[in-house]
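The structure appears below as structure tokens.
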Amino acid sequence: MDKRKALKILQDLLKIKSVNNHEAQVADYIKLLFDQYPAAQVTEVNYAPGRSNLVITLHGDQPGKTLGLAGHLDVVSPGDVTAWQHPPFAGEMDADNVYGRGASDMKGGLAALINVLLDLLAEKRSFAGTIRLFATVGEETGNYGAAQLTHQGFADELDALIVAEPSQLQVEYTHRGVIDYELAAEGKAAHSADPAAGNNAIDQLFRFYQALTALMAQKTAVDPVLGPLLHNVTQIAGGEQINSIPARARLYGNIRTTPLYPNQPLMAEIDALVAQLNQAPENKLTLTYHYPESPLPGNPQAPFVQLFHQVASNTLGQPVEIVGNGGATDASEFIRAAQKFPVVIFGPGNASGHQVDEYIAIKDYLAAITIYQQVILQFLR
């Protein structure tokens, strides 16, 4: 491993402002890194103007399994840049850390995967089977790129998948799913002195909230790793002025699911709840889901999980925990592929993602490169 080169690639990625919907520049930079290696098959999959996924495929010198590697190209907004001590898109580095928006979530993990593939190509390392890197758009806002690549069949041949999200170098094998929903209520405006002449749209939202809270209260099973089913109302909007009955109102909610309560059955119950409420003439509710992501089931004893655990523990010189992740990742889309395969979420990074002065520890970044390479070569031998 050329440490200076590895750090430069990370810094270069951090200097590109790929906030939410400007990922094409990152894709172009990565393509240039692989241009000198004819053995690397680089496929650009356009999602929208200025937004491109990359699929980089390396074939071994003999048949074997197919291992997927996944990292996303987008980052969240830096917010108030004047609050940053280290500018969010400068890629500044000191003796211990590299700073910038996306350093932890997750250009650090993506850069580590890229470095592994470049090293394998430069050293002409022998392996059996196929390595396929997915560099995706839109993970932060809905896993759009992973959904597109899965739909087009790029993940159908996978035997295992590494998602390089920040895990603080712990081995994660399962994570929550997400259901984001929007509920629109349509009523009738009236003067607040004569409410019976109208139909209060906000009251309709209250009825839904009470009914959904009662439904969620029945879901008492607790996943031993991920915890309970979670539901939060996160936004409410409605009304025109304080002395008018509101004709329109909207409520937005977020549900964090677990394998004990998968998305589709739960969404069917919520749909039925709305349909039942709409049987009353005073309710006119419309429910919309926004990019629901399934929970990731997993087995901590799976051979691929145990391989990762062994390699990471040996490399770091201390036992590494096998845990779950409370968030969601692109894995929710990739597991919709044609065949089942184990997933490990493992990456350098920490809790500074989405925060001011986001950073990644240099030692963790370099350790991840070593761990990825060893896992890849041992899995594909």
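The values are calculated or read from the model by the stated rules, or taken from the named source; none is laboratory data. Note that this is a predicted model, so its numbers are computed, not measured. Here the Cβ positions follow ideal geometry from the backbone for every residue, glycine too, while neighbour counts run over all protein chains shown. These area figures cover heavy atoms from the full protein model, side chains too; ligands, DNA and RNA do not enter into them. Shrake-Rupley method; radii C 1.70, N 1.55, O 1.52, S 1.80 Å.
Looking at region 190-228 only, could you name the residues that are among the aliphatic types (A, V, I, L, M) and open to solvent by less than 60 Å² (accessible area, probe 1.4 Å)?
Ala190, Ala197, Ala201, Ile202, Leu205, Ala211, Leu212, Ala214, Leu215, Met216, Ala221, Leu226
Find the residue count for region 120-156, including only residues that are assigned to a strand (DSSP E or B) and of a type in the set (Lys, Arg).
Of the residues in region 120-156, 1 are assigned to a strand (DSSP E or B) and of a type in the set (Lys, Arg).
Which pairs do you get when a residue that is free of Cβ contacts under 8 Å to residues at least 12 places away in the same chain, found in region 302-321, comes within reach of a residue that is open to solvent by less than 20 Å² (accessible area, probe 1.4 Å) and assigned to a loop (DSSP other than H, G, I, E, B), reach meaning Cβ atoms under 7 angstrom, with the pair 6+ apart or on two chains?
Ser313/Val320
Under 8 Å by Cβ, and 6 or more places apart or on different chains, what pairs join a residue from region 89-106 that is on the phi > 0 side of the Ramachandran plot with one that is open to solvent by 10 Å² or more (accessible area, probe 1.4 Å) and assigned to a strand (DSSP E or B)?
Hits for this filter: Gly91/Tyr99; Gly100/Tyr359.
Restricting attention to strands (runs of 3 or more DSSP E) lying wholly within region 1-91, give those where 2 or more residues are under 21 Å from Ile362 (Cβ atoms) and among the acidic types (Asp, Glu).
Ranges flagged: none.
List the strands (runs of 3 or more DSSP E) that sit entirely inside region 158-269 and contain at least 2 residues that are more than 30 Å from Gln373 (Cβ to Cβ) and among the basic types (Lys, Arg).
Passing ranges, in order: 248-257.
Among the numbered conditions (1) part of a strand (DSSP E or B); (2) touching a residue at least 60 places away in the same chain (Cβ under 8 Å); (3) open to solvent by less than 60 Å² (accessible area, probe 1.4 Å), tell me where Tyr291 comes up short.
(3)
Just for region 92-102: of the residues that are touching a Pro at 6+ places or on another chain (Cβ under 9 Å) and open to solvent by less than 10 Å² (accessible area, probe 1.4 Å), which one is nearest to Pro166 (Cα to Cα)?
Across region 92-102, the extreme among qualifying residues is Gly102.
Which count do you get for residues in region 295-308 that are open to solvent by 30 Å² or more (accessible area, probe 1.4 Å) and within 29 Å of Gly138 (Cα to Cα)?
4
When region 119-135 is examined, which residues are found to be within 23 Å of Ala146 (Cβ to Cβ), surrounded by fewer than 22 Cβ atoms within 10 Å (Cβ to Cβ) and of a type in the set (A, V, I, L, M, F, W, C)?
none
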